Amino acid sequence: MNEDGFRQEMSAGQAAHAAGDLHRAITHFVEAVRLSPAHPVALFNLGITLEDAGQTGAALSVQEEARRLRPDHPPGLFRLGSLLMKLGQLDRAFPVLTHLLATKPDFPDAAFRCGNLLMALNRPAAAEQAYRIALTLEPEQGGIANNLAGSLRRQGRVSDATTWYRRAVRCEPGTPEYHKNLGVCLIQQGQWQEGWPHYDRRCHQAMWRWRRDVPGVPRWDGSSLIGKRILVHFEQGLGDTLQFIRYMAVLKEMGAWTLFECQPTLRDILRGVAGIDELICHGDPLPDADVHVPLMSLPGLCCSTPGTVPGASMPYLHLPRDRVAAWASRIGNDGIRVGINWQAAGADRSIPLSAFTPLASVPGVRLFSLQKDVGLEQLSAWTGHVPITCFEDSERQRTYGSFVDSAAIIANLDLVVSCDSAMLHVAGAMGKPTFLALPFIGDWRWMNDPVRTVWYDCVRMFRADPQGGWVAVMNHIAQAIVDVSTQKIRFDHRQNS
């Protein structure tokens, strides 16, 4: 090996990398490796530069060879483990990072990264331990406290998570994400007065995709609305709009002229919501307004508490009578008519259609699909004991009418059984008796009550547990439907006697 030439190439490569000239740095490091193929430092630097240049496949090969030559080098193990995580090879990353922690337990970045890996592997209890190690080494790092709180929340320990989210906010008060996370934990526990202002900081996150800037129009701060025009804009999903649209009536009662910018697909079903003076579809020109506000900030700005949620006991979605009557003639009045919805936008909230089989075994039940588009492919594999009625002509390819026919169908059913989806909010906003099947860690909006929700008096919740999963939930729901059917039979008997 030409030692002088090797050192020159290494120095030139490091200088080029520091200057941001990755192509030139790679050239120098490749030459250094050619001069000394078994030199782990040259390979390590080449791997880092290849990764920085986006050549992750090549970087992985180089870093693996560097590890073979120097198996206990902490920075090398860290870069290799991190690169494997970036490439989605979590099972391969795990032994690399755990070996690093065993070799150098005082490496805070390694403990933090290991915690992130364990969270990705859905091992929150183990992730908690890794984050605690990292926090011991760097106690003032808000990011570590935030992720520790996330691991606790994933275990269902919301109160413990709140403590660490507070720590994250205290360490780094300027980070909106930590405020948002603290806010949802507080809201989940019913501490709304403190929680909603923290949640309101979500809009300041750099990656917040629903942020709306309305030039020249200030954001509403909760002050008087008498004689003012307020523009409320949707955010997040369709279900969020359907859940929080109830607050338009509150703004109207405060003396405002109300304008709501909605997702186009919800235009028709929102036409009957009280409190909306003007409905604008996203993409259309915005009318003049005095103030604006995102929809999901309204509970806090309107000073709601868990005991004063508007629209919980009174339905606020209303349909044309002729549409309801048209579907009544198709559905009929026989049996226990149960609408089911199994797939949501999030995989953790979705339920396999096969899990609904216990419902089909309840005597007298007639199942109606409320699923739209995504998830319908599961019908071909349905093995229930009774058929599911599907209305393929409802709402197909209708830009503005989504949910209107579904809502009219729901109006003619006895019960809806749904995952945590937009369809659940349609049924709840209509006041239809609804059974909501939730995963073990449900969304923050459903709070901590095991059965009832402050948002809809008509909704009864069934929460999964880690052992029983969806099978146990659906067996409980099937038994509850038996109880409902018994009550209906008794009611019909009294009506006919």
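The values are calculated or read from the model by the stated rules, or taken from the named source; none is laboratory data. Here the structure is a predicted model, which is why all the values come from computation and not from measurement. Neighbour counts are summed over all protein chains in view; Cβ atoms, including those assigned to glycine, are modelled from backbone coordinates with ideal geometry. We work out accessible area using only protein heavy atoms, side chains counted, and drop any ligands, DNA or RNA first. Shrake-Rupley method; radii C 1.70, N 1.55, O 1.52, S 1.80 Å.
Here are a few things to note about the model shown:
- Helices (runs of 4 or more DSSP H) completely within the stretch 1-97 that count 3 or more residues being touching a Lys or Arg at 6+ places or on another chain (Cβ under 7 Å): 40-52, 74-86
- Search result, residues across the stretch 462-477 that are part of a loop (DSSP other than H, G, I, E, B) and surrounded by 19 or more Cβ atoms within 10 Å (Cβ to Cβ): 464
- Matching residues, the stretch 315-324, being over 12 Å from residue 409 (Cβ atoms) and either open to solvent by 30 Å² or more (accessible area, probe 1.4 Å) or in a helix (DSSP H, G or I) (or both): 315, 318, 320, 321, 322
- With respect to the conditions (1) of a type in the set (D, E, K, R); (2) farther than 20 Å from residue 160 by Cα; (3) open to solvent by less than 40 Å² (accessible area, probe 1.4 Å), residue 128 lacks only one, and its number is (2).
Table: residues versus (1) under 27 Å from residue 450 (Cβ atoms); (2) at pLDDT below 95.
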residue: 352; (1), (2): yes, yes
residue: 364; (1), (2): no, yes
residue: 381; (1), (2): no, yes
residue: 410; (1), (2): yes, no
residue: 419; (1), (2): yes, no
residue: 434; (1), (2): yes, no
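- From the options 312, 289, residue that is within 24 Å of the chain's Cα centre (by Cα) and either farther than 28 Å from residue 387 by Cα or surrounded by 14 or more Cβ atoms within 10 Å (Cβ to Cβ) (or both): 312
- Criterion (under 27 Å from residue 442 (Cβ atoms), open to solvent by 10 Å² or more (accessible area, probe 1.4 Å) and not β-branched (Val, Ile, Thr)) met by exactly one of 92, 70, 157: 157
- Cβ-Cβ contacts under 6 Å between residues 6 or more apart (or on different chains), taken from a first residue in the stretch 1-28 that is farther than 11 Å from residue 45 by Cα to a second residue that is of a type in the set (A, V, I, L, M, F, W, C) and buried (at least 17 other Cβ atoms within 10 Å of the Cβ), are listed as 1/35; 2/35; 5/35; 6/32; 6/35; 9/32; 16/25; 24/16.
- Qualifying residue in the stretch 192-199 (condition: open to solvent by less than 40 Å² (accessible area, probe 1.4 Å) and touching a strand residue (DSSP E or B) at 6+ places or on another chain (Cβ under 8 Å)): no
- Selected residue (only one of 440, 462 is farther than 23 Å from residue 244 by Cβ and at pLDDT below 95): 440
- Just so you know, in the stretch 347-366 the residues that are over 15 Å from residue 476 (Cα atoms) and without any contact (Cβ under 8 Å) to a residue 40 or more places away in the chain include one that is surrounded by the most Cβ atoms within 10 Å (Cβ to Cβ), and it is 353.
- Within the stretch 442-461, the set of residues being open to solvent by 20 Å² or more (accessible area, probe 1.4 Å), farther than 19 Å from residue 192 by Cα and not in a loop (DSSP other than H, G, I, E, B) comprises just one member, 460.
- Condition check for residue 333: at pLDDT 90 or above, under 21 Å from residue 236 (Cβ atoms) and not charged (D, E, K, R): no
- Residues that are touching a residue at least 60 places away in the same chain (Cβ under 8 Å) number at least 3 in the following strands (runs of 3 or more DSSP E) confined to the stretch 184-298: 229-233, 291-294.
- Residue 53 over 28 Å from residue 25 (Cβ atoms), touching a helix residue (DSSP H, G or I) at 6+ places or on another chain (Cβ under 9 Å), at pLDDT 90 or above and hydrophobic (A, V, I, L, M, F, W, C): no
- Complete set of residues in the stretch 28-67 that are open to solvent by 50 Å² or more (accessible area, probe 1.4 Å) and of a type in the set (S, T, N, Q): 55, 61
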